[in-house]
1. How would you rank 16-23, 167-174, highest first, on the average number of other Cβ atoms within 10 Å across their residues?
2. Please report the net charge: other residues with Cβ closer than 11 Å to the Cβ of Gly117, K and R +1, D and E -1.
3. Once the other residues with Cβ under 15 Å from the Cβ of Tyr149 are scored (Lys, Arg +1; Asp, Glu -1), what is the net sum?
4. Quick one: Ile55, Ile135, Ile146, fewest Cβ neighbours within 10 Å first, how do they rank?
5. Say R0 is 35 Å: what FRET efficiency, to the nearest 0.05, do Trp129 and Phe24 get from their beta-carbon distance?
6. If you count, for each residue, the other Cβ atoms within 10 Å and average over each peptide, how do 72-85, 92-105 line up from highest to lowest?
7. Sorted from fewest to most neighbouring beta carbons within 10 Å, what does the list Tyr149, Tyr154 look like?
8. Between Leu10 and Arg116, what length in nm is gained on full extension when 0.36 nm per residue of separation is reduced by their alpha carbon distance?
Amino acid sequence: MRRPAVRFALLVAGAAAAAVAAAFLVPDRDGLAAAFVSAGELNPVLAVVATWVLILAMVPRTALAFVCGLLFGLGPGVGYALAGALLGASTAFAVGRFLGREFVDGVLSREHSGWRGALAARMARLDRWLGHNGIIGVVAVRFLPIAPYGMVSYAFGTSATRYRDFLFGSAAGVLPSTLGYAALGAAVFGPSAAPMSIAILSGLGLLSLVVTIVLHRVRKNEPHPSPGPSRPDNLNMVRR
């Protein structure tokens, strides 16, 4: 258990260091704009890679989507922000899986007494549920505006969530807000401004579609009550 514990401690320390770096070391908007201007034709690659790296450093994804819309317009901005966000999420998931999954699985599989045992049992049930319903869990968390994108990606890596479910759930969960914030940047400052009403309606439409799919999956996966004993069985019991 010692090596998994050390790796988990490294994960926590690395995530904390990334959060500190995001708070103090991220360049301002003018610095980012100057970097993109100097990159020339490599601007799309720089946008995706920068979003990728900054996601790992806990920089808010919505701010990155806004900057992409600001610099590239609505269509390209959404594409670059989404690609970088999914690459960052995938990398954070892989780091969380390598450094933290073995430790979390060991903690949940051990027997505990008292309130620790009750908490471990609930966490173990949640972990098993995520292993079978990962897409629903990821989409639900991605819709929460207070859930940090990078931190959540690390955390899902330590769970039983399958990577395929995590990737699809992340894409579905962040697409509406990515579209909205990129459209906001494009409409306010960008070179190819889009009417705000169209951006809002598009975002709401995508959000409604995703929520409908998620609710359908939830209802589909709900356990159905088992039927009671049939009447012939009851009659046989009476006769006996």
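1. Values: 16-23: 14.4, 167-174: 21.0.
Averaged packing, sorted descending, gives the order 167-174, 16-23.
2. Local charge sum for Gly117: +2.
3. Working: positive: Arg61, Arg142; negative: none.
For residues surrounding Tyr149, the net value is +2.
4. The order, fewest Cβ neighbours first, is Ile146, Ile135, Ile55.
5. Once the sixth-power term is evaluated, E becomes 0.40.
6. By packing density, highest mean first, the sequence is 72-85, 92-105.
7. On the way: Tyr149 23, Tyr154 26.
By the 10 Å Cβ count, ascending, the order reads Tyr149, Tyr154.
8. Working: separation 106, 0.36 × 106 = 38.16 nm, distance 2.37 nm.
Result for the pair: 35.8 nm of gain on full extension.
All of the numbers you see were taken from the coordinates with simple rules; none came from a lab. Source: prediction; values computed, not measured. Cβ coordinates were reconstructed from backbone atoms using ideal geometry, including for glycine residues, and neighbour counts include every protein chain displayed.
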